[in-house]
Structures are given as structure tokens and as C-alpha cells.
Amino acid sequence: MSAAGAMRRRVVVVFESSPASETALAAAAALAARLPAHLAGLFIEDVNLMRMAALPFAHELGRVSAMLRPIQARDIEREFRLQAERARRALEAAAAGLQVDWSFEAVRGTGLKAVFELTRELDLVVVAPGGQVAARPAAARPLAILFDGSEAAWQAMETGQMLAEASGAALVVLVPAADRSAFDAARSELVAWLAGRRVSGRCVWLRERSAAQVCRAVREHHAGLLLWHDSASPRDAQLYARLVAGLPCALVLVT
Amino acid sequence: MNIESKNLAPLPADALYRRCDPAGLAFEDTSKLEDLTQLIGQDRAGAAMEFAIGIGRDGFNLFVMGPPGSGKHSLVQDFLARQPVGREPPGDWAYVNNFADPHKPIALALPAGRAAALKHDMQQLVDELRTAIPAMFESDEYRARAGQIEADFTERHERAFTELGAEAEKEKVALLRTPAGFSFAPVKDGEVISPEDYAALPDEEKERIARVIKALQQKLEGIIREVMRLRKEQREQLKQLNREMTLFAVGTHMTDLKERYAGLERVHAFLDAVQQDVIDNAEDFVRAREAQSGGMPQQEAPSFRRYQVNVLVEHGTDSGPPVVVEEHPTYQNLVGRVEHIPQYGTLVTDFNLVKPGALHRSNGGYLLIDALKLVTQPFSWEALKRAISTRQIRIESLGEVYGLMSTVSLAPEPIPLEAKVVLFGDRLVYYLLHAYDPDFPKLFKVAADFEDRIDRTPEHDALFARLVATMARGRGLVPFERDAVARVIEHSARLAGDAKKLSANIRAIGDLMSDADLWARQAGRARAGAADVEHAIEAQRKRSDRMRSVMHEAILRGTVLIDSGGEQVGQVNGLSVLQLGDHAFGAPTRITATTRLGDGRVIDVQREVELGGAIHSKGVLILSAFLAARFSFKRPHSLAASLVFEQTYGLVEGDSASLAELCALLSSLAEAPIKQSYAVTGSVNQLGEVQAIGGVNEKIEGFFDVCNARGLTGGQGVIIPAANIDDLMLRADVIAAARAGRFQVYAVTSVDEAVELLTGVAAGAPDASGAYPPQTINGRVAARMRELSVLRQKLGARDAGRNDRRVRRRG
């Protein structure tokens, strides 16, 4: 176990009303088992949805059927309760299977903003993908890491290396760089860093650090997990919203 | 007039046995002889077999009939094995999956030796694809192209949602994702307004919000429909990509395989179908890889059984036509079967579980079956006929046909049948099938009828010696010396019941040789000699001699009354043969006759109590006809006679006692005593001629044993038909006694000769007027018959007078 791994206190898996939460839970449970760390489930009851459902004209358009149907606050509340219970059971089963400590909490808030308020430094936050999930299990796919040369990025690299070693996956390091020479310089550093470790990896040049570019690179390289470091305060909730919406895999936020 | 009998000479001792002269056998022992590879004296059967094998037309299958133990099976097998390989070796057959209709597996014909190769090639193909296809899906090229397709889709639909979200935001409305879809709501400071705040809004604002949301909903509906279309498009693109990449992975292998099986169109078609199925189900190979690496604990690993080749029949390239013997011709053993395996509590099957039957294995060659076994197995005979007449082997589950099983079964493609079927059986089976099954003559047009006996010629003796050599080697017996072989040949003639024939019962000869081998080994000899064969014959006789001993003892103790000396009127020793299993023995039977006035009937007591068979009754009626024709042709036949087989309690059949019965009758009529030191056998016709009978050796030996046990007097003997002289192969002790003049065998041609021997009185020949000399047997019988006739006429006249008087009194 690396030093970075030993420092992690919790792996927080975020449950939203997304069908891809199972993917996030699997990734989070595996992370918690490998670190090891406490596995904390966080179910977000979206306040905006509850308010919307309480409005007199509230309607919902089916995601698949495109049928318009009325929706009421009690529908949303009931759905939240059911989802929270399902999430708790799934978390319990996953934790029992991997023999990790766990806890579960349902909170009311607005999306990732609520998550950021509730997570602490040294937590790994695992968020379910919003995009189309790849059919193959994440374990068989490479691990993507966003790397910008910052200290937080190196921490993310250490966490990524530890996870890749445990799962046998390769690393795909996404390097945002304005030009080729900057990318080459970062790559040299990374190659030297990887040379002393038992993981294989490759560097991918991103011309900008946008959610769209990152999501595209993750898709193109079939990554099973994206490690994203962010020490900004406050965090850009919209960026995360776009990121989560476009990713085909779980997002691991390294704080 | 001479009333003494003519001196009919007994047969010389040399006539009682035809020896096989060892000097005529040009070898020291059988180890010097070559194996016999031909049929002895079975020219007719051999020609029939050659004909059946040579003719290639439908229905010319073969029925081999003949006595049991004649070695028909081994002879036919050897004969078939010796047939020159004049045609292409039969090909291989395999069943493969029918990808269009798995319920109907496809039969593939391949050149000899290629089916196993195809099976191996397909296994190797699957092994290679299990690596190649997942590797292809892991390749950078595939990932890049699949990622591109996925990214394009995501970008396009996300862009649509983002633009819609932005448009909504301008109108102070948020696009929200609900658990099952999307919704719109007015926002303030980035958060959805509460119902209270909404209620406080002016009506114009509420109307605006409602209008905006309605418009946005319509746009969202359009976007969702577009996303569905895009998703479908994306799936198609991915599918097409998978096809292209899989085709690349599988195509090279398929090209190699097709080159290897060039010219085999159906194999090519199968390979094409496999290729298409692999392309359509490429994901299975990926899942199999993941299952192998433990990635799919909850799911069953995909199976690739559908790509296997089930080799049904395979042959070597240098082998001739197969000769298959089916010892247990059940329906399934004959036409093959579809097996099932349990899976999740039910029975399932596939083409890999199709098993061949004897018809498959013999295809292109010969199938040998015992007819009786075949017809006694349910459905087998019908199945065989169906296969022959349709020239197809069709595997059908009986359970399914008769609705006994409701599980899924298969209907494998029928395989063309090109086999010659050889049935073995007794003649009775052949004639019964011929008479009662109209299909039989159409399907088995050739009968090879094995002789029960073969001519005993020097050539056949030599061949027989080689047969002995072959059997000795085949059974691991010691070699047989020349004398021993001669003794075996003599025994074979004895089994044939004819000194000029050899028995075709090879099994009995083999058993005798095994016996002789034992005695030779026990005596520490490396070769079996004539003494060992003699010992074996005697041992065999003793082993199955219990019943004969019991009867013999009963005679000697006087329980069964048989005289072997003295004279008696109307009493003669007949001879009968009892067959118990494969052992036959003879024994004397006392036959008595009584005569009196009557209406011309000879009463056969055996028939009256239903203990006489039809042939026996016929013999007795012939006697009546003989007596009437010879002695009563001018006057009414006024004799009543009774004939009895004394102390017999079972069925008496056959007419071999008719000579003895006639002699007893003549003795009774002539009141001429019969010498009880003789026994008689022979049938007689109504002219008084003596005809051949069966079992002459056993009969003579049966009476000899009784006389010998009581002490041979020199006056004892057996009277046999002259027509049976050639059948004589008597035991050595009988011949020795005959040679020493202590026991005689007489051969007669007429009842007159027999009765002269028995009574010592001349039979008498008629003069020109038809009258017999008065003191002769015939003269005395004629006188008695006249006397009875006169008496009957007198009685008839007296009765007629009484009747007239009665009539007149009444009148």
C-alpha cells in the first residue's frame, strides 16, 4: 500500500437518482477494499426535484417514451425513499462481500453541491456516470487520470498507480497542455515516474481541460474509471455536472 | 419245398465303419498345415454369397441359413474379409450444427480419415478465436473506433440537452432530470422556486412560464425522439464495427480451412455458416474470456459446442469395406440414437449427442445380424427394412414417435445407406419370414443355404485337416497328429450320420478338439493323438449319457422288458432313437402284435391313445394295406390286429418301426416265433420293400449295449435296411464284436428277408396262381387269412338268416 492510499479516510459513493449508480458503487467498494478505507454511501435527495414536483403544473417527460405525464411531490418522495433503501441494501451487500466498513446517509441538497459540502479532505468521492455505460466490466478496462502537473495531480497519480497495480489495469494519463512541447515535457516526467513502478501507462494529449474533451478521451480509450483531482474552492459545480453527464464510467474525485 | 430260411450273411465288419486312412493325410501334425481360408463343400452357399456381394442392386441382401454350429458367422465374416478392396474405401460421416434450424443437425460426408481432421480443425479454430476475438476487441484500433462512435453519440445528444438547458436558462427555467425522465421548472438564483414563491408570482409571469415550459417540452420531446434514433444508429454502427472486426479475425482462419477442404461443398457451406454465427455472436468469445478470468461469477460461460464436429463414423484411408457384426440388434443399436443430458432439471440434447448405430458403422460395407435376435427385438426388424428400402438411415427417437417423451429431441438429417445386410438364421426362420412378411423376399433376394453335411472325399478330408489346424491355432490348442485328425474326420462322419459325408457342425468339432486338447495336456503331450480324440469322444458321450444309462439299467434289471434271447410269437425288438439336446442314443423297445377275426383293421394302440404321431400312424396303415394286398386280394380282409409299443409312455413318432411291426404281425398270423436275439429297424412300404431310416448307428449301439451287458452269444444282431449301409459309422466295440463274430448286423431289402432272419422260416414266394407254399411264413399267413375270411363269411350268413327270420315273424 502506498502512502497516498494509507492516508485516505473514506471512499464516498454518491447515490443519485441515476441508473448508473451500481457502476459507482462497484468502483467505490473495490477502491475501499484496496486502500483500505471506510465506504460511505451518500444518497442525495435533490431539493430542486422536490420543489419542481410541488409546483401545480409539474409534468415529467419520459426518458425513453417521451410521454408527458403529471408528477407530484409525493411521487418524488416515494421514489427517493425507494431508491435510498435500494442504495443502502446494495451498499451493505457490496461492503459485506468485500469485508469493508460502511455507513449510509441520505441527505437533501442540490446535486454535487451537497456532496462537496459533506465530503472532507482526503476523501475519495465516487460519482456515478451520467452517460452511456460501457458493457464491459470496469475491471478489464484502463484507468484514466487527469494530470496537470500540480501536487494534487501527483497525489492522484499515486492513488491511480495503487489501484492499477491491484487490478492489473493500465493507466491512461490525460495531459491538458496548450502546445506539443508542454505535453512532451509532462510526458517525459510521467514516463520517468512510471519507469520505477509496476504499472504500464500511456499519455494522451488534451488540448483543453474541458469536460467534453475529457469525456471524449475517456470514451476513446475505454477507461473504466476517471480519477479527477480538484483542489479549487469553491468547486465548479457546472463543470462537474457536465463531466458526470458525459462520462461512460464512474468519476473518482481525489481531494 | 425248402422252408428253411436262406442264409442271409451279416455285413462284414469293414462295412460297419468307414475309416479315414491316416496315410492319406500328408502331414505329421496340424502345425505344418496352412490356415483354411475357404469354405469346404459349401459351393452353393459360396456362390450365393459371391452373387449377393457382387450385385449392386437394391434388395440383393443376403440371408445365410443352415444348421446351428455350422460356423456360418465366422465363415461369412472370413469370406467378406477376403473380398478384394475393389472400390474406394467408405467415407466418414459427421453431424454438425444446423445454424438455421438446430433441431435438424446436418450430416456431412467426408473422404475416409477426414472427419476426425475436421473435428480437430474446428476445435483448434474455436481455441484460436477465443483468443483472437477478445484480443481484437481489446485492440487500440477497435477501441478507438468504438470510442469514436460512442463519443459522437454522446456529444450529439448532450449537445442537444445542453442547448435546450441553455435556452431554458435564458427563460429562467431549469431542465431537471427526474428518476424516469425530464422536467422543467422555473428557477431563481439557480434553484427551483418554491410553490409559495410561484403562487406569489403575477399571473402574466405564470402564463409566460407555462408557455415557455410547454414550448420547451415540445422541443425536449423532439430531442428524446432524436436521441432514440441516434442510439439506434449508434448501435447499428457498433454492430457493423463488430462484424467488420470479427470478420477480419475469423476470415483468415476460414480461408485456410476452406483450402484444406477444397472440393467439399457441404463442408464449405458449414464453414460459411460457422463464420456468420461467429460474427453474429462475437460477444460470446469476449464473455467466455471474461468468465475464464473470473469476471462473470453469476453467469454461465458461453458454450461453443455448436461449432464442434460430431464424428459419427470414421475409417482409415487404407481400410476395406467395414464388416460389422451386431450381436444385440436393438432399435437404438441398429439405427443410432439421440442421447440427452440433464440440465437444470430437464433433459436437453444437441447434435453432439447423436450416436451412431450398426447401420452407420457398416455403411459402405456389410452388416451381419442374427435374424432371430433381430425379429425378437421390438421395432428393430421394421427399422432395418425401412432403412434398406429407403436406403437411408434416419434416427428417430422411439419415445418421441410414440409420445412417451415430451423432452426436446432432434431430427438429424438422414444419411444415405450403402450397406449389404447379411442375416443369419435357421431355415425355419427364413421360410417363416418368406411366408409371412411380404417385404422379406423383396429385401433379401439371395439365400445362402449352408449344407448340413458335405461329401467325404479325399480332397475334403485334406481341407478338413486344414480346418482342424486352423481351429487348433485359433483356439490355442496343441497341434493334432495325423491319426488324431483322421479320428476327428471319422467322428465328423459319425455326426453326419453318414459314412460318406462329413458334418458341417464345426462347433461340435471344435468342442471335441478342445476336449482332446485337455486330455493331451493332462497326459503331458505336446500334440493330441488319436487316443486323446477317442478319449474326448468317450468323455463327451459319458457326460451326456445319464438318460441312456437310466434306460439301460431299467432294461437290465427287467423293469423294462426286453428279451435278447429265446423266441416269442408276435413279439419283436424294435429300435428307437431318443434325441436329448445334442445327444442322441438308441434303445430297444418291445413291439407286440395280436391278431383275430375282424373287419380288416389294424389297431395302432399308440394312435388310439393319442401317443402316436402322424408318420407312425401312416406306417401302421401301410401294414394294413400290405396285408390286404398280399393275402386278401380275392376275399374279404377279415383280420383284426393290435400293435403295441410296450412300456412306452410318451409320443412315438416316425415309421422306422414299421418293419418290426409287420414282422410281429406276420409272426402272430403265422404263429411263427421270432428270435428275440435280434432287433429290427426299418420302414416298409405297402409292397413289402424295406426303406432307409435315421439314427441307424445309435439304434444298433443301443441293442448292442443291452446284449453286451447280458453277454454276447454270437447269435445276436440287428436287422437294418440295406439302404442304410452307407450310414454305418459304429463304435469301435461294436465293430470288434462283429469282427469276432459275436454280434451281427444284417441288411435287408424286403420284409421277407427280415422275417426269414427273425423266424428262421422261409418267407415263401407265390407260385403262378399266387399261392404260397403252405409251410412258409407267407403260406401260413395266407392260410390263416383264408380261415378268418371263411369264418367271417359263415358268421355273416348266419347273421343274415337270423335277420330274415326276424323279419318274417314280424310280417
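So if I check each of B:Gln218, B:Gln240, which one is within 30 Å of B:Asp121 (Cα to Cα) and loosely packed, with under 14 Cβ neighbours inside 10 Å?
B:Gln240
Step by step: first the residues of segment B:602-614, then only those that are β-branched (Val, Ile, Thr) and either under 24 Å from B:His637 (Cα atoms) or in contact with a Ser or Thr (Cβ under 9 Å, 6 or more places away or on another chain) (or both), then the one that is surrounded by the most Cβ atoms within 10 Å (Cβ to Cβ). Which residue is that?
By that ranking, first place goes to B:Val602.
Out of all the residues in segment B:303-313, which are crowded, with 19+ Cβ neighbours inside 10 Å and in a loop (DSSP other than H, G, I, E, B)?
B:Phe304, B:Gln308
Working only within segment A:204-231, note down all residues that are under 22 Å from A:Glu165 (Cα atoms) and more than 14 Å from chain B (Cβ to nearest Cβ).
Once the filter is applied, which keeps residues that are under 22 Å from A:Glu165 (Cα atoms) and more than 14 Å from chain B (Cβ to nearest Cβ), segment A:204-231 yields A:Leu225, A:Leu227, A:Trp228, A:His229.
I'd like to know if segment B:515-533 contains one or more residues that are in contact with a Ser or Thr (Cβ under 9 Å, 6 or more places away or on another chain), part of a helix (DSSP H, G or I) and under 25 Å from B:Ser74 (Cα atoms).
Checking segment B:515-533: not a single residue is in contact with a Ser or Thr (Cβ under 9 Å, 6 or more places away or on another chain), part of a helix (DSSP H, G or I) and under 25 Å from B:Ser74 (Cα atoms).
Check off (1) without any contact (Cβ under 8 Å) to a residue 12 or more places away in the chain; (2) out of contact with any Pro (no Cβ under 7 Å at 6 or more places or on another chain) for B:Tyr772 and give me the number that stays unchecked.
It is condition (2) that B:Tyr772 fails.
Any residue in segment B:176-197 that's more than 7 Å from chain A (Cβ to nearest Cβ): show its pairings with residues that are among the polar types (S, T, N, Q) and surrounded by 22 or more Cβ atoms within 10 Å (Cβ to Cβ) at Cβ separation under 9 Å, as long as the two are six or more apart or on different chains.
B:Arg177/B:Ser183
Restricting attention to segment A:62-74, which residues are more than 9 Å from every other protein chain (Cβ to nearest Cβ) and either within 12 Å of B:Pro179 (Cα to Cα) or at pLDDT below 90 (or both)?
Within segment A:62-74, A:Gln72, A:Arg74 qualify.
Please work out which residue is nearest to the other protein chains (Cβ to nearest Cβ), limiting yourself to segment A:124-151 and to residues that are surrounded by fewer than 17 Cβ atoms within 10 Å (Cβ to Cβ) and modelled with pLDDT of 55 or more.
It comes out as A:Asp148.
Out of (1) touching a Pro at 6+ places or on another chain (Cβ under 6 Å); (2) assigned to a loop (DSSP other than H, G, I, E, B), what's the single condition that is false for B:Ala486?
Every listed condition holds for B:Ala486 apart from (2).
Strands (runs of 3 or more DSSP E) wholly in segment B:326-370 with at least 1 residues that are surrounded by 21 or more Cβ atoms within 10 Å (Cβ to Cβ) and in contact (Cβ under 8 Å) with a residue 40 or more places away in the chain - which ones?
B:366-370
For segment A:26-61, how many residues meet the condition of being more than 14 Å from B:Thr178 (Cβ to Cβ) and within 11 Å of chain B (Cβ to nearest Cβ)?
2
Can you spot a residue in segment B:161-172 that is facing chain A (nearest Cβ under 9 Å), farther than 30 Å from B:Met245 by Cα and of a type outside the set (Gly, Ala, Ser)?
yes
Within the group B:Phe304, B:Phe379, which residue is in contact with a helix residue (DSSP H, G or I) (Cβ under 8 Å, 6 or more places away or on another chain), within 28 Å of B:Tyr430 (Cα to Cα), modelled with pLDDT under 95 and away from every other protein chain (no Cβ under 14 Å)?
Residue meeting the stated conditions: B:Phe379.
Matching residues to (1) out of contact with any Asp or Glu (no Cβ under 9 Å at 6 or more places or on another chain); (2) under 30 Å from A:Gly224 (Cα atoms):
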{"site": "B:Leu129", "(1), (2)": "yes, yes"}
{"site": "B:Ala135", "(1), (2)": "yes, yes"}
{"site": "B:Ala144", "(1), (2)": "no, yes"}
{"site": "B:Gly147", "(1), (2)": "no, yes"}
{"site": "B:Glu167", "(1), (2)": "yes, no"}
{"site": "B:Arg177", "(1), (2)": "no, yes"}
{"site": "B:Ala185", "(1), (2)": "yes, no"}
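Can you tell me which residues in segment B:150-160 are more than 8 Å from chain A (Cβ to nearest Cβ) and touching an Asp or Glu at 6+ places or on another chain (Cβ under 9 Å)?
If the condition is that a residue be more than 8 Å from chain A (Cβ to nearest Cβ) and touching an Asp or Glu at 6+ places or on another chain (Cβ under 9 Å), then B:Arg156, B:His157, B:Ala160 are the ones that fit.
Is there a residue being assigned to a strand (DSSP E or B), touching a residue at least 60 places away in the same chain (Cβ under 8 Å) and either among the aliphatic types (A, V, I, L, M) or at the interface with another protein chain (Cβ under 8 Å from one of its Cβ atoms) (or both) anywhere in segment B:109-117?
Yes.
Which of the residues that make up segment B:198-213 are facing another protein chain (nearest Cβ under 9 Å) and among the basic types (Lys, Arg)?
B:Lys206
Here is a list: B:Ala516, B:Ala539, B:Ala520, B:Ala528. Which entry is under 22 Å from B:Glu28 (Cβ atoms), free of Cβ contacts under 8 Å to residues at least 40 places away in the same chain and in contact with a helix residue (DSSP H, G or I) (Cβ under 8 Å, 6 or more places away or on another chain)?
So the residue among B:Ala516, B:Ala539, B:Ala520, B:Ala528 that is under 22 Å from B:Glu28 (Cβ atoms), free of Cβ contacts under 8 Å to residues at least 40 places away in the same chain and in contact with a helix residue (DSSP H, G or I) (Cβ under 8 Å, 6 or more places away or on another chain) is B:Ala516.
Being of a type outside the set (A, V, I, L, M, F, W, C) and either out of contact with any strand residue (DSSP E or B) (no Cβ under 8 Å at 6 or more places or on another chain) or closer than 18 Å to A:Ala28 by Cα (or both) is the filter here; which residues of segment A:206-229 pass it?
Listed by number, the residues that qualify are A:Ser210, A:Arg216, A:Arg219, A:Glu220, A:His222, A:Gly224, A:His229.
Residues that are at positive phi and surrounded by 15 or more Cβ atoms within 10 Å (Cβ to Cβ): does segment B:106-114 have at least one?
yes
Output the residue which, of all residues in segment A:75-113 that are among the aliphatic types (A, V, I, L, M) and within 11 Å of another protein chain (Cβ to nearest Cβ), is nearest to A:Leu39 (Cα to Cα).
So, considering only residues that are among the aliphatic types (A, V, I, L, M) and within 11 Å of another protein chain (Cβ to nearest Cβ), the one nearest to A:Leu39 (Cα to Cα) is A:Leu82.
Just wondering, is there one or more residues in segment A:168-191 that are modelled with pLDDT under 85 and either closer than 19 Å to A:Leu251 by Cα or under 21 Å from the mean Cα position of the chain (by Cα) (or both)?
Yes: one or more hits.
Which one of these is within 13 Å of another protein chain (Cβ to nearest Cβ), of a type in the set (A, V, I, L, M), in a helix (DSSP H, G or I) and closer than 30 Å to B:Ala132 by Cα: B:Leu238, B:Leu220?
B:Leu238
Quick check, is A:Arg219 buried (at least 17 other Cβ atoms within 10 Å of the Cβ), farther than 26 Å from B:Glu155 by Cα and among the charged types (D, E, K, R)?
So A:Arg219 fails the test.
In this structure, is B:Arg225 within 8 Å of chain A (Cβ to nearest Cβ) and either in a helix (DSSP H, G or I) or farther than 26 Å from A:Val47 by Cβ (or both)?
It is true that B:Arg225 is within 8 Å of chain A (Cβ to nearest Cβ) and either in a helix (DSSP H, G or I) or farther than 26 Å from A:Val47 by Cβ (or both).
For B:Asp545, indicate whether it is surrounded by fewer than 18 Cβ atoms within 10 Å (Cβ to Cβ) and acidic (Asp, Glu).
yes
The values are calculated or read from the model by the stated rules, or taken from the named source; none is laboratory data. The structure displayed is predicted, hence computed values, not measured ones. We place every Cβ from the backbone using ideal geometry, glycine too, and count neighbours over all the protein chains shown.
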